[in-house]
1. Give, in nm to one decimal, the length gained when the segment between residue 42 and residue 78 is fully stretched (0.36 nm per residue of separation minus the Cα-Cα distance).
2. Rg and Dmax of the chain, using alpha carbons, in Å: what are they?
3. Using just the alpha carbons, could you tell me how many Å³ per residue the convex hull of region 53-122 encloses?
4. If I model a spin label as a point 7 Å beyond the Cα along the Cα-Cβ vector, how far apart are those points for residue 174 and residue 228 in nm?
5. Mean residue ellipticity at 222 nm from the helices of the chain, using -39,500 (n - 2.57) per DSSP H segment of n ≥ 4 over the full residue count, to the nearest 500 deg cm²/dmol?
6. Using r as the Cβ-Cβ distance of residue 289 and residue 256, and R0 as 25 Å, what FRET efficiency do you calculate, to the nearest 0.05?
7. Quickly work out the residue 140-to-residue 62 label distance, labels modelled 7 Å from Cα along the C-beta direction, and quote it in nm with one decimal.
8. Are there trypsin sites (Lys or Arg not before Pro) in region 105-180 that DSSP marks as loop and that have at most 16 other Cβ atoms within 10 Å, and which are they?
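The values are calculated or read from the model by the stated rules, or taken from the named source; none is laboratory data. What you see is a predicted model, and the numbers here were worked out from it, not measured in a lab. Cβ: placed from backbone, ideal geometry, glycine included. Neighbour counts: every protein chain shown. With ligands, DNA and RNA removed, areas are computed over all heavy atoms of the protein, side chains included. Shrake-Rupley method; radii C 1.70, N 1.55, O 1.52, S 1.80 Å.
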Amino acid sequence: MGTGSGKGKAILFGEHFVVYGYPALAAGISSVTTAKLTRVRSFGHTLVDNRPAMPDYKKTKYEEQKASLENILKHLNIDTTKMGFQIDLEGDLVCASGIGASAASCVAIVRALNDEFKLGLNDEQVNEAAYEGEKGYHGTPSGLDNTASTYGGLVWFERDLSGGPPKFERLNLKKAIHLVIASTGITASTKTVVGAVKIKKEADPKWWDDISEKYNLLVHEGKNALIQLDLQKVGELMNRNHQLLQELTVSCEELDNLVKVARANGAIGAKMTGTGRGGNMIALAPDESTAKKIAASLEKAKAAGVWITSFGL
Ligand code: MEV
């Protein structure tokens, strides 16, 4: 039996802008997806998905998940016409848009295949194969999600637009930072939302250049503020990043409402995270007890799921 796991993630800065080569900062969270591969007597492969998930998540992603697995098998040269296996997905990562669930499952599956078939892949190669899997979910993934899922920790990431390997750096902070994650319960299609941003960008290149330049300044300030543990500044920049994402039209009423509730209940800053138009938001908390207070307020505001986590160490 082969096993593997991949971490969930929260994008602190940079969803959508990262697709076009701007840097992003993402934090691996402690929740994981696990994959268990068992050989069977019949030929072919089956995927049994037992992950906890938001309603509709699995149904919405079903076809993309199938395409993703085929991409991974092709990339790793695994032919199931003459042998067979079953992959069981489990773990404590609750599948919702924005938490890196697709990337975590790709990484877990690649690691389980690596384990069972003794492929000898190192993390870099696991990450490459998971990236191929991510292409099944949307045609032009930046690679940020699979990188955060493979390595965990706090990752500064830049996509190479000419197709070369991405540049990334792991940042270690002197202290863990508390984060509250809340879900709208709405499953978004990354392919659709990334496509909508592309249409807007192509329709108005001047608007795109202005907004992405504002973002570029912001993410560099964000990196410095995080390293200096200047949480007030990080929070202010998260709020500004949320505003830019609203201008990209990737936020929505449900996300904006959860962001507002978090800010009114002690969050230093809050923003949507990941694809948007549903999915999750994140709130930066000054300490653990405030994180609990923010989480309680988000539950009261009918968030579909609320999690407290930390990152940086
Ligand atoms: C999705 O988690 C993040 C996006 O920026 C897409 C990507 O990076 O591939 C929206």
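1. Working it through step by step, the gained length comes to 11.4 nm.
2. Using the Cα atoms of the chain, the pair Rg, Dmax is 18.8, 59 Å.
3. Cα-based convex hull of region 53-122, divided per residue, equals 106 Å³.
4. 1.3
5. My calculation for the chain gives -14500 deg cm²/dmol from helical runs alone.
6. Computed FRET efficiency for residue 289 and residue 256 comes out at 0.45.
7. Between residue 62 and residue 140, the label points sit 2.9 nm apart.
8. Hits after loop and neighbour filter: 118, 174, 175.
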